[in-house]
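Where a number appears in this text, it was derived from the coordinates with a stated rule and is not lab data. Since the model is a prediction, treat every value here as computed from it, not as a measurement. FYI the Cβ positions are ideal-geometry reconstructions off the backbone, even for glycines, and counts take in every protein chain you see.
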Amino acid sequence: MPEDASGYQLHIVHSMREIGEEAWTACLDGTLSPRKANPFMSYAFLEALELSGCVSEQTGWLPHHLVLRDDKEAVLAIQPLYLKSHSQGEYVFDYAWADALERAGGQYYPKLLSAIPFTPVNAPKVLAVKGINRDIAIAAMASGMRQLCERYPISSAHLTFLPSDQKDSFESQGFLVRRDRQFHWVNEDYETYDDFLAQLSSRKRKNIRKERKTAQSHGLTILHKTGDDLSEADWDAFFNFYMDTGSRKWGSPYLNRQFFSLIGERIPDKILLMLAYDGDLPVAGALNLIGGDTLYGRYWGTIGDYPCLHFELCYHQAIEWAIEHGLACVEAGAQGEHKLARGYVPQTTWSAHWIDHPGFRDAISDYLERERHAAAEEQDILAELSPFKKTNGGNGE
């Protein structure tokens, strides 16, 4: 493999099918080990978003995927990329940036975004086959995004929820980095859920047990469904939950019914659907995806009023399942300081941003420097509020 990019060509394609599953999977497998496999970056998941129409020009997510090829047209590296006409469904908020530029007479949209649509999950955005120099691949993608911003009326290019190594690589290419945080549960080699509870302070442990008792007092039956156990009836029920929650929280849910059928057909073994039943009637559900060493919590909903059921399905049941199946982590989505009391601890997340307008770029750079310091201080404060027992000279129980 040559050590420079001469002979390589960068292409823009407007659908996953133009890349093809074989080429995509070769790049994915060349980047992530089986232990770090991420179902959201799979060809099946991203293509399902396109085939269902959830990702399209009409929804403001026009695919502009970048593909790096050699002189024989072999795919060497890829990057999911979308031309956005808004900032919805991203979880790294830049509405204030858009407002500032437009008040100054500029135009923020369209912009470029490299992300898993509607999904605040950490994952590498540049995927490359085994043997290719990763720095060359990232430099090519960074250059491609910068050139698109320079040649067309595109204000900026963004990569969200980047692992730290790719964050560093894009920063070396002139991208501005932004720090945020999520709450993840980390498995410290627990053999049972009670082993996990034993590591919490007595007050937090009692609160969780009380919370679970309340959730279980409703007389509901909770079933975990995956693989061949999933049915279209299950998806019908869950979609009702999803639409109810989405309509109340976001105004317009991002995903349609067809999308859930598509992932149910294509990656059933990567899906864990937790459904709560009142007799034979499904009344609540939580959707998770299963990675190599991580359980990813995504959507939840209910058609009834069941105190503490949200915490039971989304957090406690997820932890129990992860322990039982030997997973190292549960990622339960964006934001949510309330997760701290349930054993989820703050973890740093990163994004990278190219701002084409020099003056606007300087203003954003100053803002991000202050924001990073504030985010670091906030994370230190949250760490002090950990629900776990104090050790090494701490207060104990």
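Details
- MRE, 222 nm, helices only [DSSP H, n ≥ 4, -39500 (n - 2.57), over the chain, to nearest 500]: -11000 deg cm²/dmol
- Residues 295, 385 arranged by fewest to most Cβ contacts within 10 Å: 385, 295
- For the stretch 188-327, convex hull of alpha carbons as volume per residue, Å³: 116
- With 0.36 nm allotted per residue and the present C-alpha distance subtracted, the residue 381-residue 202 stretch has 62.4 nm of extension available.
- For the chain, built as a Gaussian network whose Cα springs stay under 10 Å, the top-fluctuating residue of 167, 339, 206: 206
- Whole-Å distance, taken between Cα centres, linking the stretch 41-98 and the stretch 221-293: 24
- Projecting the Cα atoms of 192, 325, 173 onto the charge dipole of the chain, computed from C-beta unit charges around the Cα centre, puts 192 farthest toward the positive end.
- When the chain is reduced to its Cα atoms, the Kirkwood hydrodynamic radius in Å: 22.4
- Distribution of pairwise C-alpha distances over the stretch 271-350, 10 Å bins, in %: 17, 51, 28, 5, 0
- Counting lysine pairs in the stretch 188-327 that sit 8 or more residues apart in sequence, or on different chains, and whose Cα atoms lie under 28 Å apart gives 8.
- Per residue, the average separation of C-alpha pairs within less than 8 Å and at least 6 apart gives the stretch 3-113 a relative contact order of 26 percent.
- Net dipole in debye of the stretch 188-327 [+1 Lys, Arg Cβ; -1 Asp, Glu Cβ; about Cα centre; nearest 20]: 780
- Computed over the stretch 188-327, relative contact order equals 29 percent, with contacts defined as Cα pairs under 8 Å that lie 6+ residues apart.
- Going from the residue with the fewest nearby Cβ atoms within 10 Å to the one with the most, 209, 257, 103 rank 103, 209, 257.
- Semi-axis lengths, Å, the stretch 93-179, gyration tensor of Cα atoms, sqrt of 5 times eigenvalues: 25, 15, 11
- Counting other Cβ atoms within 10 Å as a rough exposure proxy, the listed residues 24, 185 run 24, 185 from fewest neighbours to most.
- Length-normalised contact order of the chain in % [C-alpha pairs under 8 Å, at least 6 apart]: 20
- Under the convention that each Lys and Arg Cβ holds +1 and each Asp and Glu Cβ holds -1, the size of the dipole of the chain around its Cα centre is about 820 debye.
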